[in-house]
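Enquirer: Have a look at the structure that comes next, please.
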Amino acid sequence: MTLPGSAHSIELDVQGDDIDEYAHVNNAVYLTWLDRAAWSHSAALGMSLERCVALRRGMAALRTEIDYERAALAGDRVRVATWIEDCDDRLRCTRRFVVSRLADDAVLARAVTIYVCLNLDTGRATRMPPEFTATYGRASAPAPV
């Protein structure tokens, strides 16, 4: 799998609580992994949770699509890669994800989330502050071919 140069990755170990009755990682766990990777990437770009709270702005998920390709199993270590594919510098950013198993580099899932800028005081969508456009707009990269 070819990732853009701007991709950011985290590695996670499958935990016992991640496993469901079908003996694989429950689908809902993947969403948690995506969220952890997105926050890690944002912090690496200089937009930590603390900075968002101080600015009273945040990026809230509007829509997430996950394509599950293979199951993660007990004992697996996974890599969650993410990058910002597009940012309109006004309201929305699109972030891509690839979840793969480290042992064999098998792609387990692919996902895309569309985020909107949120005013943390009102809970309503709002225009991105300059700090967000500088952070997320600068980090956007087209999807790999």
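Enquirer: Would you kindly compute the Cα radius of gyration of the chain and its largest Cα-Cα separation (Dmax), both in Å?
Expert: My reading of the Cα-based Rg and Dmax gives 15.7, 46 Å.
Enquirer: At what distance in angstrom do the alpha carbon centres of segment 19-62 and segment 82-137 lie from each other?
Expert: Distance between centres, Cα-based: 10 Å.
Enquirer: Could you check the simple spin-label distance between A125 and L73, using points 7 Å along Cα→Cβ, in nm with one decimal?
Expert: 4.3
Enquirer: What percent does the relative contact order of the chain come to when contacts are Cα pairs within less than 8 Å and at least six residues apart? Before the final figure, lay out the partial values.
Expert: Details: 280 pairs, mean separation 42.3, N = 145.
Relative contact order, the chain: 29 percent.
Enquirer: How much net charge surrounds L118 when only other residues with a Cβ under 13 Å from its Cβ are counted (Lys, Arg +1; Asp, Glu -1)? Can you show the working numbers first?
Expert: Working: positive: R56, R57, R92, R124, R127; negative: D121.
Cβ neighbours under 13 Å give a net charge of +4.
Enquirer: List the GluC sites (Glu not before Pro) in segment 36-73 that DSSP assigns to loop (not H, G, I, E or B) and whose Cβ has at most 14 other Cβ atoms within 10 Å. Which are they?
Expert: On the way: sites: E50, E65, E69; in loops: E69.
Answer by residue number: E69.
Enquirer: When the chain is modelled as a GNM with alpha-carbon springs shorter than 10 Å, which of A61, A103, A81 fluctuates the most?
Expert: Per the Cα network of the chain with a 10 Å cutoff, A103 tops the list.
Enquirer: Segment 82-141: which trypsin sites (Lys or Arg not before Pro) are DSSP loop and have at most 15 other beta-carbon atoms within 10 angstrom?
Expert: Details: sites: R90, R92, R95, R96, R101, R110, R124, R127, R138; in loops: R90, R124, R127.
When the trypsin sites (Lys or Arg not before Pro) of segment 82-141 are filtered for loop state and at most 15 Cβ neighbours within 10 Å, R90, R124, R127 remain.
Enquirer: Residues of segment 1-28 with backbone nitrogen within less than 12 Å of a virtual label 7 Å along the Cα-to-Cβ line of S40, please, listed as ranges.
Expert: 8-14
Enquirer: Then there's this: For segment 45-130, what relative contact order do you get, as a whole percent, if you take Cα pairs closer than 8 Å and at least 6 residues apart? Intermediate results must be reported in sequence, preceding the final value.
Expert: On the way: 161 pairs, mean separation 29.4, N = 86.
It rounds to 34 percent for segment 45-130.
Bear in mind that the values in this text are calculations on the coordinates, not laboratory data. Everything numeric here is computed off the predicted structure, so don't read it as measured data. Here Cβ is always computed from backbone atoms with ideal geometry, including for glycine, and neighbour counts include all displayed protein chains.
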